[in-house]
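The values are calculated or read from the model by the stated rules, or taken from the named source; none is laboratory data. In this text the structure is predicted, and so the values were computed from the model without any measurement. Glycine also receives a Cβ, built like all others from the backbone with ideal geometry; neighbour counts cover every protein chain displayed. Surface accessibility is based on the protein's heavy atoms, side chains included, excluding ligands, DNA and RNA. Shrake-Rupley method; radii C 1.70, N 1.55, O 1.52, S 1.80 Å.
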Amino acid sequence: MSIIDQVSEIYQEKFEHTPAHIARAPGRVNLLGEHVDYNDGFVLPAAIDRATYVAFSPTNAPHSTLVAVDFDQQASFSAETISTKTQTDSSPLPEWSLYPAGVMWSLMEENLAVPSMNAVFASDIPRGSGLSSSASVEMAYMIVWQTLGGWTLPSMRRALLGQKAENEYVGVNCGIMDQFASACGVENKLLLLDCRSLEWITVPLPEYVSIVIADTTVRRKLTSGEYNKRRAACEEAVRLLKQDLPKIKSLRDVSVDDFNRLAHKLPEEVEKRARHVVEEIERSDQAQALLEASDIRNFGRLMNECHASLRDLYEVSCPELNVMANVAQAIEGCYGARLTGAGFGGCTVNLVANERIEDFARVLAQGYESETGLHPEIYITRASNGAELLK
Ligand code: GLA
C-alpha cells in the first residue's frame, strides 16, 4: 500500500470521514556545501523522492489532533497550549509533535491564521538518516496551514519560518538548507542556494549520472549538542579573525589565502573547523561551473575532498560512514562519494554512471557488509518537487 493510501485509510478509521486534503513535503540530499549554510556559504541540495505525507481536514474543535503513524501516537494542541509546549490535557507535547507545533507557533508569531484541523501523517524518510525528515514534517505542515488558513506565502518564506520553528521552538540551531530544499525542490534539478542573499538557481545534473543514496543504517543520536558546538567554533573563528580582518561578517568573507596566513592565530580545534568551512565554501563556489560544463569527474573529486574534510577537520563522520565512502570511491563508475547532511551516522551521497549502478550497488553492499557486519540500504533517488498540496 502506498503511504498516501495508508494515511488516508488511517484517517478514515480514526476520524470517520475521508480526509479533505493530502499534503506532501520531501526530504533532501546535499551534494556539496556541507556545514556551510550557517556560515553564509553555498549549498547544492536536491529534494528527494521520499517524503512526509499528511492527510487532513479542518475541524470545528478548539484544538488540532495529529496522529503520527510512524510513532503510533497522537497529540492535541491549540493556540492556548502552544506557548507552554503542552497538550490540551496539560501533558507535555511528545517530541515528534514539537515540529508541527513549532510550525503553528511560528505562523502565529506572524499573525497568520492557523485553524484547527485533524491530521494523520507518515514518512518514508528514515529518521536520523541525514535526509531531513524533520524539515519535511515542518514543510508539510506549512502546506497544511496554508491550505486551511486562506493565506499564501512564497516557498522561501515558508522555509524561513520552518527554520525559525526549529531554532526557537524545537531548540535545534540548524541553518536554512533543509527547509529550503524541502520547500523549493524542483524535479530533476539540483538547487544552488547562496545562503547569504538567499538567491537560488536550479542546476542540471548530466543525464549519464544518477544520485545514489547509501544508508549506513547507523542512526545519529543526541547530535544537536555536537552540531551547536561546531556552530560556536565557527563564530569563535570569526571573532578572532576579525582582529586582522575587521570587515568580515562570517567565514564566507575569508579567502583561503587569508585563512592560511592567519590560521596559526587560532586555537587548534577552531582552526580545523574553520578550515573546513573556508575550503568547503571555495569548493561549492566551483560547483555551478563544473556542472554546467558536465565536468562530473572534477565535481566528484570535490565531493571526495569534502568527505575527507568532514572526517578529519570538521570531525562529524563516523567509522561506518567512512567505510561506506571509501568503498564507494574505489568502485568503477563512481565519480564521488561522501557523507550527506549533519553527519554522525546516516547516509552517503554518491554520483554514479548510469550503466554502472547495479554493479556499484552490489559491490558497495558487499564491501560495507563485510567490513561492518551491517546490511546497508542503497537506492537511486530522483530530484523531486518541493512541498505541495496533492489533493
Ligand atoms: C543539518 C542542518 C542544516 C545543515 C546541515 C549540514 O542538516 O539542518 O542546516 O547545517 O546539517 O550541512
Given (1) among the polar types (S, T, N, Q); (2) part of a helix (DSSP H, G or I); (3) surrounded by 16 or more Cβ atoms within 10 Å (Cβ to Cβ), where does Ser317 come up short, assuming only one miss? (2)
Checked against (1) in contact with a Pro (Cβ under 7 Å, 6 or more places away or on another chain); (2) over 20 Å from Gln12 (Cα atoms); (3) open to solvent by less than 30 Å² (accessible area, probe 1.4 Å), Ser57 satisfies every condition except (2)
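So which of Asp49, Asp70, Asp89 is in a loop (DSSP other than H, G, I, E, B), more than 16 Å from the ligand (Cβ to nearest atom), within 14 Å of Ser136 (Cβ to Cβ) and not polar (S, T, N, Q)?
Working: Asp49 fails: in a loop (DSSP other than H, G, I, E, B); Asp89 fails: within 14 Å of Ser136 (Cβ to Cβ).
Answer to the check: Asp70.
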Reported set for segment 147-170 where residues are free of Cβ contacts under 8 Å to residues at least 60 places away in the same chain, farther than 18 Å from Trp200 by Cα and more than 12 Å from the ligand (Cβ to nearest atom) is Gly149, Gly150, Trp151, Thr152, Lys164
Just to check your reading of the model, which residue among Ser136, Ser155, Ser197 is hydroxyl-bearing (Ser, Thr, Tyr) and open to solvent by less than 30 Å² (accessible area, probe 1.4 Å)? Ser136
Restricting segment 349-381 to residues that are more than 24 Å from the chain's Cα centre (by Cα) and β-branched (Val, Ile, Thr), the residue that is nearest to Leu32 (Cα to Cα): Ile357
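On the given criteria, is Arg297 within 13 Å of the ligand (Cβ to nearest atom) and either touching a Phe, Trp or Tyr at 6+ places or on another chain (Cβ under 9 Å) or outside any loop (DSSP other than H, G, I, E, B) (or both)? Outline the logic, then answer.
Numbers: within 13 Å of the ligand (Cβ to nearest atom): no; either touching a Phe, Trp or Tyr at 6+ places or on another chain (Cβ under 9 Å) or outside any loop (DSSP other than H, G, I, E, B) (or both): yes.
In short, no.
If you take the residues in segment 337-362 that are more than 16 Å from the ligand (Cβ to nearest atom) and in a strand (DSSP E or B), which one is surrounded by the most Cβ atoms within 10 Å (Cβ to Cβ)? Working first, answer last.
Keep residues of segment 337-362 that are more than 16 Å from the ligand (Cβ to nearest atom), which gives 337, 350-362.
So of that shortlist, the ones also in a strand (DSSP E or B) come out as 337, 350-353.
Details: Ala337: 27, Asn350: 33, Leu351: 23, Val352: 26, Ala353: 16.
Only one residue fits best here, namely Asn350.
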